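Engineer: This is the structure, below, for whatever I ask next.
Values in this text are rule-based calculations from the coordinates and carry no lab data. Bear in mind that the values here come from a model prediction, so they are computed numbers and not experimental data. A quick note on method: Cβ atoms are made from the backbone with ideal geometry, for glycine too, and the neighbour counts reach across all protein chains shown.
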Amino acid sequence: MKITEYIEQADKCLFSFEILPPLKGQSIQHLMEGISPLMEFNPPFVDVTYHREEFIYKKHPNGLLEKVSTKKRPGTVGICAAIMHRFHVEAVPHLLCGGFTREETENALIDLNFIGVQNVLALRGDAPKTESKFTPEDNGHHYSKDLVKQIVDMNHGKYLHEETEVGFHTNFCVGVAGYPEKHFEAPNMKFDLKHLKAKVDAGAEYIVTQMFFDNKKFFDFVDKVRELGITVPIIPGLKPITTLSQLTNLPRTFFLDLPDDLLDELEKCKSNQDVKEVGIEWSIHQSKELIERGTPCLHYYTMSKADATYRIAKALF
Ligand code: FAD
């Protein structure tokens, strides 16, 4: 079923979460056992992130350079299939522009359709760590709006090559990303929102936001999005802070601010355990306010460590 249908039919705020595929070489078992307790809260869907292939050059004794793949977290599609099979929930794979030609995207969508995936989150992805700016593949998409369009075209039976015989139409519900604190490359919020609107106009049916710790930023974002005439559901993304290192890593990686009140509490913490307690309490407080304001679904970034999310969900759902 489509995420939008779950939202339409729900009589209360829904709970959902995002996981990362395990590092290459690790089994899926640990991940599945880790998320199993979260099924108590009846998530209609679980997002599975996608991690693009990065390359390094290895120097051989003869001086020749060999291009070596360093894809750290393969398995997004396989995990989606495993989750749907084991837990009977929708799995939402993240699909990137980066690293894919249009042909590869088309083929990936056919695979996803065959395993029963009905929802996808369309994203641009970031530049590889070794490059300073995002560059699409030859014949790949530059912006996620174009990826949305390709998915919607397939839903209408329009494949890349006219000669493709269309036996069936896919029926993907497409989500896109939104940024309550602005995407880091956008020169200002107005610019970013204009391009968010373009994604919805291209056919995106819901928005999931980047994590944020200050609800006011989310409420302001929602107001601005609605002023532009965007009516699709907006699902806030939340993450409990659980380690001291995240105080610097999260703002640096995700271009967000920590509110004063939260930072004051975190700065008193002596250990990761103290931080985790503060982080969980903050997330519960954020979630309660979002639920009171009629948010249709809360989406938690577990980073595949489900225990903090479990405690938050236990207090709320
Ligand atoms: P876009 O919507 O394409 O926008 C990118 C930038 O370009 C923005 O600044 C936008 O304002 C600007 N822009 C858009 N269109 C135009 C245009 N026509 N002309 C000029 N500028 C334009 N990354 C991963 O690698 N894997 C994941 O699984 C993943 N999951 C994510 C899940 C969520 C909920 C979020 C919020 C992010 C996720 N990301 C993931 C990170 C994401 O890939 C990056 O934030 C990326 O930099 C932008 O992706 P986007 O889809 O928002 O890009």
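Engineer: Once both labels are modelled 7 Å past Cα along the beta-carbon direction, what's the Lys288-His183 spacing in nm?
Structural biologist: 3.6
Engineer: Then there is this: Please sort by residue number the trypsin sites (Lys or Arg not before Pro) in segment 188-282 whose DSSP state is loop and whose Cβ has at most 15 other Cβ atoms within 10 Å.
Structural biologist: Lys268, Lys270
Engineer: Please give the residues of segment 56-75, grouped as numeric ranges, whose backbone N is less than 13 Å from a label point set 7 Å along the Cα-to-Cβ vector of Thr135.
Structural biologist: Within reach of a label on Thr135, which here means backbone N under 13 Å from a point 7 Å along Cα→Cβ, segment 56-75 contributes nothing.
Engineer: Using only Cα atoms, figure out Rg for segment 1-60 and give it as a multiple of 2.2 N^0.38 Å.
Structural biologist: 1.62
Engineer: Could you work out the per residue convex hull volume over the alpha carbons of segment 15-126, in cubic angstrom?
Structural biologist: Hull volume over Cα atoms, normalised by residue count, gives 115 Å³.
Engineer: Follow-up question, since we're still on this one. Can you work out the Karplus-derived ³J(HN,Hα) for every residue in segment 84-100? Use 6.51 cos²θ - 1.76 cosθ + 1.60 with θ = phi - 60°, whole Hz, and x for glycine or proline.
Structural biologist: 5, 5, 7, 10, 6, 10, 6, 9, 10, x, 8, 10, 10, 6, x, x, 10
Engineer: Rank by packing, highest mean first: peptides 173-183, 69-79, with packing defined as the count of other Cβ atoms within 10 Å averaged across residues.
Structural biologist: Order by mean packing, descending: 173-183, 69-79.
Engineer: Per Stokes-Einstein, at 25 °C and 0.890 mPa s, what whole-number D in µm² s⁻¹ belongs to segment 160-243, with the Kirkwood radius over Cα pairs as the hydrodynamic radius?
Structural biologist: Rounded, D is 170 µm²/s.
Engineer: Filter Lys24/Lys58; Lys58/Lys305; Lys24/Lys59 down to the pairs with a C-alpha to C-alpha distance above 21 Å, please.
Structural biologist: In this structure, Lys58/Lys305; Lys24/Lys59 exceed 21 Å between Cα atoms.
Engineer: Please report the base-10 log of the normalised intensity I(q)/I(0) for segment 201-317, using a Debye sum with one equal scatterer per alpha carbon and no solvent, at each q in 0.12 (1/Å).
Structural biologist: Those come out to -0.45, one per q.
Engineer: Using R₀ = 30 Å, calculate the FRET efficiency as 1/(1 + (r/R₀)^6) where r is the Cβ-Cβ separation of Gln29 and Phe219; round to 0.05.
Structural biologist: So the FRET efficiency works out to roughly 0.15.
Engineer: What FRET efficiency comes out for the pair Asp257/Ser69, r = Cβ-Cβ distance, R0 = 25 Å, nearest 0.05?
Structural biologist: Working: r = 36 Å, r/R0 = 1.44.
For Asp257 and Ser69, the calculated efficiency is 0.10.
Engineer: Let me check I have the definition right: for segment 239-305, take the eigenvalues of the Cα gyration tensor, multiply each by 5, take square roots. What are those semi-axes in whole Å, largest first?
Structural biologist: Working from the Cα gyration tensor, I get semi-axes of 21, 14, 12 Å.
Engineer: Now, a different point. Which aspartates and glutamates have a Cα less than 16 Å from the Cα of Lys67, not counting those fewer than 8 places away in the same chain?
Structural biologist: Leaving aside aspartates and glutamates fewer than 8 places away in the same chain, those within reach of Lys67 are Glu53, Glu54, Glu131.
Engineer: In square nanometres and to one decimal, what's the mean projected area of the convex hull around the Cα atoms of the chain?
Structural biologist: The orientation-averaged projected area of the Cα hull of the chain comes to 18.8 nm².
Engineer: Something else about it: Using alpha-carbon positions, what is the distance between the centroids of segment 1-48 and segment 75-129, in Å?
Structural biologist: With segment 1-48 and segment 75-129 each reduced to a Cα centre, they are spaced 14 Å.
Engineer: Taking amide H atoms as placed 1.01 Å from N in the peptide plane, list the residues 5 or more away in sequence, or in a different chain, whose amide H sits under 5 Å from that of Val48.
Structural biologist: Distant-sequence amide H within range of Val48: Ile19, Val92, His94.
Engineer: Around Ala177, what is the net charge, scoring Lys/Arg as +1 and Asp/Glu as -1 over all other residues with Cβ under 14 Å from its Cβ?
Structural biologist: Spelling it out: positives minus negatives among the neighbours equals -2.
Engineer: Could you check the simple spin-label distance between Leu316 and Thr248, using points 7 Å along Cα→Cβ, in nm with one decimal?
Structural biologist: Simple spin-label model gives 2.9 nm for this pair.
Engineer: Counting only helical runs of four or more DSSP H residues, what would the 222 nm mean residue ellipticity of the chain come to if each run contributes -39,500 (n - 2.57) and the total is spread over all its residues?
Structural biologist: Helices in the chain give a 222 nm mean residue ellipticity of -12500 deg cm²/dmol.
Engineer: Another question, then. List residues of segment 42-74, by number, whose backbone nitrogen lies under 20 Å from a label position 7 Å along Cα→C-beta of Glu104.
Structural biologist: 48-58, 66-74
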